[in-house]
Amino acid sequence: MDNESEMKDPVLPLGRPTVGSAPGPGTTGDWRTSKPIFFEEQCTKCYQCWLYCPEGTIRVDAKGEYPYIDYVYCKGCGVCVHVCPQDALKMEKE
Amino acid sequence: MRKVVQTMKNPNVQLLTGNAAVATAAKLARPKVIPAYPITPQTLIVETISGMIARGEFDCDFVNVESEHSAMGAAIGASLGGVRTFTATSAHGLLYMGELVWWAGVTRVPIVMPVVNRSLNPWNIWPDHQDSMTFRDAGWIQFYAKNNQEVLDLTLCAFKIAEHHKVWMPVMICLDGFILSHTSAQVEIPTQEEVDEFLPPFKPLAMLDPDDPFAHGSLTDSKGIWEQRMSLIDGFNNARVIIPKVFHEYYEKFGRLSKEMIEIVGDINDANVAIVAIGTLGEEAEQSLEVLNKRGIKAVVIRPRVIRPFPKKELIAALRKVPKLLVIDRAVSFGNAGQLAIEIQAELYANKVDIEFHQIIRGLGGMDVTYMDIASEVGKIM
Amino acid sequence: MSVKIKEMLDRPEVLLRGNFACAGCGLSIAYRTAISALERPIVVIPACCASVIQSLHPHVTYNVPTLNIAFAAHASAASGISRAKKRRGEKVTTVVWSGDGGTYDIGVATWSGAAERNEDILHFCYDNGFYSNTGAQRSGATPRGASTTTTPTGKQEKRKSITRIMAAHDVPYIATASIGYPRDLYTKAKKAGNMEGYRFILIDAPCPTGWNSDPAITPELGKLSVQTGYFPLYEVENGKLTFSKRGMKYRDPDKRLPLEEYLDRQGRFKKMTLVQIEELKKDLQFEWDMLLRME
């Protein structure tokens, strides 16, 4: 192993940004016992749900679009339902 | 070693203390950030460097941190920020930064740090190796210097070794407090041009960068820890090859250091006994050879310059040639014996070396160990 | 002026979904909001819940460069990064993101040193008033009377005033913010991000797991802490304190909601005696009085 090119490179402690980084499959939607349901007709696009969602699972693709929920990762905390001023979100048992 | 005398032809020989040799080497290596906290006997290093920066001789940020813990914290941050980084400490300072010494070691941050060896509690500022020996398992390469010239040489080599992409780990250069740190001796100083040729600019293997985000040292499961620890073992194995190469390159360029991780003084092929000691104890042991010779004892000194990685192969090759061995430690693994003795014994057994083994512990808390003392200890086992 | 939500929508996503955080995590709201306000942040995280919710190596939830460092080494490590980046001529925002344990207790020396040197660091402390990642032990930020796993009968001592200690360092910018008001937090983070020197923002970040509160009301608790006068909102610049628009009216104790509205929603205050509640109220008013002197 005197040849430098044959030597192993260091394994550095580097983690890379990943959606679904939680251990296992990373699909934290599995944690839910209840889930928020979105009613588009009530929504005024104030984006309070997006603003307060701790997880970033309330998605807004572009300004002026309706928000939607990424159920793969939504942990079902209920924050969005609680902050919605228009009752456009409701919790439902899984 | 060549005699180094200042002459008109050789103006680069100066009288330097060990600490000044460290500061001079640091300046020549061009680190960009030096966070450090003063502690006796390291203080002259930080003072000298601060002076060099203040006079505009040295283009570097000196960070006057509020503790050694923060010195190593800032050093880790600066190194991962993408610049060559240097710091220095002693004794309690090393212990206080201990958490981060491990952090830098096991997460592979190529910092260079002289440790001016000093005893631990109760208060005592004199040299022994208890401080640095305590950190020999922390994932750092460790050098022990025998004189001020070697302090400078090893410090310059340390940067090149630490930053080698197959090594990529921090290096500690240990020098005995006061015996080296505060004692002036002739030191040959290479020119900036020569050092620049020897030591290329810092090239980070990984750097905190908004354009390529990663998390360094995040929560890691046992599989990841295993992978990283095994890689660190590989890194030390790589270092076993890279260190002698860099030493040799240094020798070719500057005419000092040999390519060996251990230095042998005396005729190993014709010796009745070998003395193994590190740092200035090794040099003191060299002085005892003449006395011993007069007494009819053919002794040889084997002095590891490198303790991590442990120079097993080199030591065993040398020790196979002598019938008797005295290991002198300047530190203790309490509940067992001197660290050097323990580790050499393990290698002797593993390699089935037939040798009469003796060990002593000397020089704790700065207790003077003279060449006459060493000669008398050798005499006892003959 | 508070930021428009559209500006916030345009910012890069700094906290990726599907991480290790508990449902309803206040720290997550704080992080998403504050870090997204910054230009090219590099974040230093000491031991705290933020070092746990990032999930397991080799994946990480943070979409910005992150250095994990020892509990008491956040501001020193950030000092190193900040100096290195200046040396390299790279423009970044060097951030410390620490919990109250790392800020109020074990890490005081490191940030105090960095603040005294006026290092170019933006330091956020997300404050949930106890050691959350180790299972709810008391910290210097725990309010009097709150039960934690190491103060089962309620903490006997007053909560430390970290902002006043920080103010004694005369750093360029200090602010408080609550996850109840993300736009206020974003605005302050953005403002601080455009300044130089040591800047500090203390963020009230409810922890439903440790506080024993309903995860859905995390934002409401963030609002109630302000509205009851538990957590005043203000900025300190050049030694002068200005109460934030959101928190201005609560200078007047009569305008505040009863503290019990805040306490009753959290399990950690359930065992408090009336005497303890009165003592806590006195602590809070004492802090207000001290802050009013800095106006």
Rounded to the nearest 10 degrees, what's the angle between the helix C:218-227 long axis and the longest principal axis of chain C, both from Cα atoms, 0 to 90? 70 degrees
List the residues, sorted by chain then number, that are 5 or more residues from B:PHE62 or on another chain and whose placed amide H is less than 5 Å from its amide H. B:ILE34
Count, for each residue of C:109-119, the Cβ atoms from other chains sitting within 10 Å of its Cβ, then give me the mean as a whole number. 4
In whole angstrom, the spacing between the Cα centers of region B:208-247 and region C:82-97 equals 24 Å
I need the phi-derived Karplus couplings for region C:7-23: 6.51 cos²θ - 1.76 cosθ + 1.60, θ = phi - 60°, integer Hz, Gly and Pro marked x. 5, 5, 4, 7, 6, x, 7, 9, 10, 8, 5, x, 10, 8, 6, 5, 5
Can you list the residues, at least 5 places off or on another chain, whose amide H is less than 5 Å from the amide H of B:ILE125, using H built in the peptide plane? none
If each residue of separation counts as 0.36 nm, what is the full-extension length gain between B:ASN237 and B:ASN12 once their alpha-carbon separation is subtracted? 77.4 nm
Might you work out the accessible area of B:ARG320 for me, using a 1.4 Å probe with all protein chains in place, and round it to the nearest 10 Å²? 140 Å²
Going from most exposed to least, what order do B:MET207, B:MET97 have by accessible area with a 1.4 Å probe? B:MET207, B:MET97
Dividing the convex hull volume of the Cα atoms of chain B by its residue count, what figure in Å³ per residue is obtained? 146 Å³
Mean Kyte-Doolittle of at least 0.0 and a Cα length of 15 Å or more along the axis: which whole DSSP H helices of chain B meet both? B:18-29, B:43-54, B:68-81, B:148-162, B:339-350, B:371-381
Can you send over the carbon and sulfur percentage of the accessible area for region C:5-293, probe radius 1.4 Å, protein chains only? 52 percent
In degrees rounded to 10, the 0-90 angle between helix C:26-36 Cα long axis and the longest Cα principal axis of chain C is 30 degrees
Please give the total accessible area that chains C and A bury against each other, computed with a 1.4 Å probe and expressed in Å² to the nearest 100. 3200 Å²
Rough spin-label spacing in nm, given labels placed 7 Å along Cα→Cβ, for C:ALA168 and B:ALA185: 4.8 nm
Quick one: among B:ASN272, B:ASN237, B:ASN293, which has the greatest mean-square fluctuation in a GNM of chain B with alpha-carbon springs under 10 angstrom? B:ASN293
The simple spin-label model distance between C:GLU116 and B:GLN345, using points 7 Å out along Cα→Cβ, in nm, is 4.7 nm
Sorting B:ASP61, B:ASP267, C:ASP204, B:ASP196 by accessible area (1.4 Å probe), largest first, what list results? B:ASP267, B:ASP196, B:ASP61, C:ASP204
Counting just the Cα atoms, what span does region C:243-295 cover along each of its three principal axes? Round to the nearest Å and put the largest first. 35, 19, 18
Pairs A:LYS75/C:LYS282; A:LYS35/C:LYS249; B:LYS160/B:LYS312; C:LYS245/C:LYS271: which exceed 29 Å Cα-Cα? A:LYS75/C:LYS282; A:LYS35/C:LYS249; C:LYS245/C:LYS271
For region C:15-74, what does the relative contact order come out to in percent, with C-alpha contacts under 8 Å and a separation of six or more? 43 percent
Between region C:1-70 and region A:1-69, how many Å separate their Cα centres? 11 Å
Using the Karplus equation 6.51 cos²θ - 1.76 cosθ + 1.60 (θ = phi - 60°), what ³J(HN,Hα) coupling, rounded to whole Hz, does each residue of region C:273-285 give in order, writing x for Gly and Pro? 7, 4, 5, 5, 5, 4, 4, 4, 4, 5, 4, 5, 5
Filter the cross-link list B:LYS27/B:LYS223; B:LYS27/B:LYS146; B:LYS146/B:LYS223; B:LYS166/C:LYS85; B:LYS253/B:LYS352; C:LYS191/C:LYS223 down to pairs whose alpha-carbon distance in this structure exceeds 30 Å. B:LYS27/B:LYS223; B:LYS146/B:LYS223; B:LYS253/B:LYS352
At 1.4 Å probe size, put B:LYS298, B:LYS313, A:LYS75 in order of accessible surface, largest to smallest. B:LYS313, B:LYS298, A:LYS75
How about region C:76-138: which trypsin sites (Lys or Arg not before Pro) there lie in a loop by DSSP and see at most 13 other Cβ atoms within 10 Å? C:LYS91
Using +1 at the Cβ of each Lys and Arg and -1 at the Cβ of each Asp and Glu in region B:117-210, identify which of B:TRP126, B:GLN186, B:PRO201 lies farthest towards the dipole's positive end. B:TRP126
Just to verify a number: FRET efficiency for C:LEU257 and C:ARG293, C-beta to C-beta distance, R0 = 22 Å, to 0.05? 0.35
Straight-line reach from B:LYS259: which aspartates and glutamates have Cα under 12 Å away, leaving out those fewer than 8 places along the same chain? B:GLU249, B:GLU314
Cβ neighbours within 10 Å from other chains - mean over A:71-78: 5
Can you work out the PRE-style zone for B:LYS259? Point 7 Å along Cα to Cβ, and I want the residues of region A:3-26 with backbone N under 19 Å. A:3-7
Evaluate the distance, in nm, between pseudo-label points positioned 7 Å from the Cα of C:GLU278 and of B:LYS313 along their respective Cα→Cβ axes. 8.0 nm
In sequence order, what are the phi-derived ³J(HN,Hα) couplings for region B:170-182 according to the Karplus relation 6.51 cos²θ - 1.76 cosθ + 1.60 with θ = phi - 60°, rounded to whole Hz, with x for glycine and proline? x, 10, 10, 10, 9, 9, 5, x, 6, 4, 9, 4, 10
Those aspartates and glutamates that a straight Cα-Cα span of less than 13 Å connects to C:LYS240, excepting residues fewer than 8 apart in one chain: C:ASP170, C:GLU295
Region B:1-133, accessible surface, carbon-and-sulfur percent (1.4 angstrom probe): 58 percent
Potential extension, C:MET195-C:PHE286 segment - 0.36 nm per residue separation minus Cα distance: 29.7 nm
Restricting to Cα pairs under 8 Å and 6 or more apart, the percent relative contact order of chain B works out to 17 percent
Amide H to amide H, which residues 5 or more places from B:SER67 or on other chains are under 5 Å from it, using H placed in the peptide plane? none
To the nearest Å², the heavy-atom accessible area per residue of the protein assembly as shown with 1.4 Å probe amounts to 38 Å²
To the nearest 10 Å², what's B:MET367's accessible area with a 1.4 Å probe? 120 Å²
So the C/B interface buries, both sides summed and with a 1.4 Å probe, an accessible area in Å² (nearest 100) of 3000 Å²
Evaluate peptide B:199-212: per residue, the Cβ atoms of other protein chains within 10 Å of its Cβ; return the mean as an integer. 4
Low-density loop trypsin sites (Lys or Arg not before Pro), region C:140-246, at most 14 other Cβ within 10 Å, DSSP non-H/G/I/E/B, are C:LYS245
Note the angle between two axes, namely the Cα long axis of helix C:182-193 and the longest principal axis of the Cα atoms of chain C, as a number of degrees from 0 to 90, rounded to the nearest 10. 40 degrees
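The values are calculated or read from the model by the stated rules, or taken from the named source; none is laboratory data. Just so it is clear, the structure is predicted and the values come from calculations on it, not from any experiment. Note: ideal-geometry Cβ built from the backbone for every residue, glycine included; neighbour counts use all protein chains shown. In case anyone asks, the SASA skips ligands and DNA or RNA and just uses the protein heavy atoms, side chains included. Shrake-Rupley method; radii C 1.70, N 1.55, O 1.52, S 1.80 Å.
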